[in-house]
Every structure is written in structure tokens, then in C-alpha cells.
1. Find, among the GluC sites (Glu not before Pro) in region 167-263, those assigned to loop by DSSP (not H, G, I, E, B) with at most 12 other beta-carbon atoms within 10 angstrom.
2. Note down the relative contact order for the chain as a percent, whole number, built from C-alpha pairs under 8 angstrom at least six residues apart.
3. Fewest to most neighbouring Cβ within 10 Å: what's the order for D134, D173?
4. Restricting to DSSP loop positions (anything but H, G, I, E, B) with no more than 14 other Cβ atoms inside 10 Å of their own Cβ, which trypsin sites (Lys or Arg not before Pro) remain in region 161-198?
5. Out of the DSSP beta bridges found with both residues in region 3-262, what percent are antiparallel (nearest 5)?
6. Among I213, Y123, S50, pick out the residue whose Cα is farthest towards the positive end of the charge dipole of region 3-262, where Lys and Arg carry +1 and Asp and Glu carry -1 on C-beta, about the Cα centre.
7. Just report the Cα centroid separation between region 203-263 and region 58-89, whole Å.
8. To make sure I understand the rule: partners must be lysines, Cα under 21 Å from the Cα of K11, and not fewer than 8 residues away in the same chain. Which ones qualify?
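Coordinate-derived values only; no laboratory data. Keep in mind that this is a model prediction, so the values were computed, not measured. Cβ atoms come from the backbone with ideal geometry, glycine included; neighbour counts cover every protein chain shown.
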Amino acid sequence: MNILEEIVANKRIEVEEQKKIKPVSVLEKLPLFSTASFSIKRFLLDHNRSGIIAEFKRKSPSKGVINHHPNLTLITTAYAGNGAAGLSILTDNKFFGGSIDDIISARFNAVPILRKDFIIDEYQVIETKAIGADVILLIAAILTPKEIKELTMVAHSLGLEVILEVHNEEELDSIPERMDVIGINNRDLKTFEVNLDTSVRLSSLIPAEKLKISESGIHNIKDLIYLRQFGFNGFLIGENFMKEEDPGLAFMKFVSELNNTLV
């Protein structure tokens, strides 16, 4: 069993336990369930923003602990206040040290929040709405095309948007017509090797009318500018900022340098 299979197996157990603790009938009564959602599509296309979905995460299976004492409020405030097109917040606890409480705590930010997790069940989509997130991530590598379509329909019925993450040519066949954003992950989820050429290779195979973002392995302005040449509307960047002592300051400097480069 590889790490991705281990994560998914654990997630199935977690979801079934959570259904008993907080059933859908309870989720639907939570205050955030009835709030309007922010559109990641609109924010990615806003030229006054950076196009960067800035990520908050404490650790990962490949890197271990990334930041020992991250202040979620300070970091997400800095991200949102300095032009982030959205916030990506990890909610998996066992492998990434996250929690759904992280999203609830960050909801004061007036930008779209992506719930970054391993979504495999309709319950998680409903839970995402109930905790105040605006976007879910669906990973093609762990879902069938039928599951992707069904989970997307549930998300849209709740006013949520969807980013479908793909890693290779075969997974592009999983893209439903009404998908909001396509994310190309440059990290192989089985080996954790990272290669920006994955985004380059797959970009031409995605219909021109689809919004697309590049994920993982973007370390500097040069990487971002390089990928922009291939039609990417946005970029999901996390470890590059989170590994710094002050991730918010690192993000601010990155965006400032980007703006100066594009002038």
C-alpha cells in the first residue's frame, strides 16, 4: 500500500466516524451552512490579485513538519491582505496536521477558501459548506469519473465551486463539462517527485475555455512566469511560504517581487 492508498483508507474510516458524531442534519443547521460563498473563479480572474492560492499547512507526508508554530490568523490575514486569490487550508489531521477548525478560524477573511483534503464522500462536501469553505478539491487519482461528476453536482447544489486535480493524461478524461477549475499537480502523489513539466505537458490538452491552475513545486517568480506562458490562470503555492519563519511576510515579498517583474 502506497502513501496515497493509506491516506484514503484512513479517510474512509474517519468519514464514517464523523457521520455518527455530527450527522448531516446537524451540519445543515450550523450558521455557516447558509452563508453565501466566494467564487474562486472570479478571484483568479481578478487582475488586481496575484492569481496565487496561498496555502496554510503544518506538515506533509513527504516533508514532515513544515512549520512548528504557525499562527493561522496572522498568516491567512497576510495572505488575503496582500493579494491572494484564495486560501488553501489543509483539513486532514493524521497526515497533514490540519483540522476543519482551521477553516472556521480563517473564515473572517473575505477571500475564497479551498478545503484541501481527500474528498471521497458526499458527507465531506456538505461538511465543507457547513464550516464556511467555498471550494472543494477533488483528486482524480482517488475517484472514478462517476464519483467526480456526482460530487461536483452536490457541491454546485450547495453553491460551492470545485477544483479537479489531475496528474497525468489519463486523468484528463475525468473532467466533467461543468468543472470550475482544473488543477495540474506537479507532484506525483505516489512517489512525491515534483516536475513543473507536468503542467506544461498537460496544459495543451485542457480545453482553452477551462480555468487552470498549476500546483506544487513553484518556488520563485521565474517558475510562475514560466508557467504563465502556458495559459495558467493561477498557482497553488504552500511550502514555499510555510517553510519560512514568517509565511505571511514571505508571501508579501513574493507578490511585491512579482508585481515589480510584471510592470
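1. When the GluC sites (Glu not before Pro) of region 167-263 are filtered for loop state and at most 12 Cβ neighbours within 10 Å, E169, E177, E193, E209, E245 remain.
2. Relative contact order comes out at 19 percent.
3. Least crowded to most crowded, the residues run D173, D134.
4. Filter output for region 161-198: R178, K190.
5. 10
6. S50
7. Between the Cα centre of region 203-263 and that of region 58-89, the gap is 15 Å.
8. Here the lysines satisfying the reach criterion relative to K11 are K19, K20, K22, K57, K59, K63, K94, K116, K129, K146, K149, K190.
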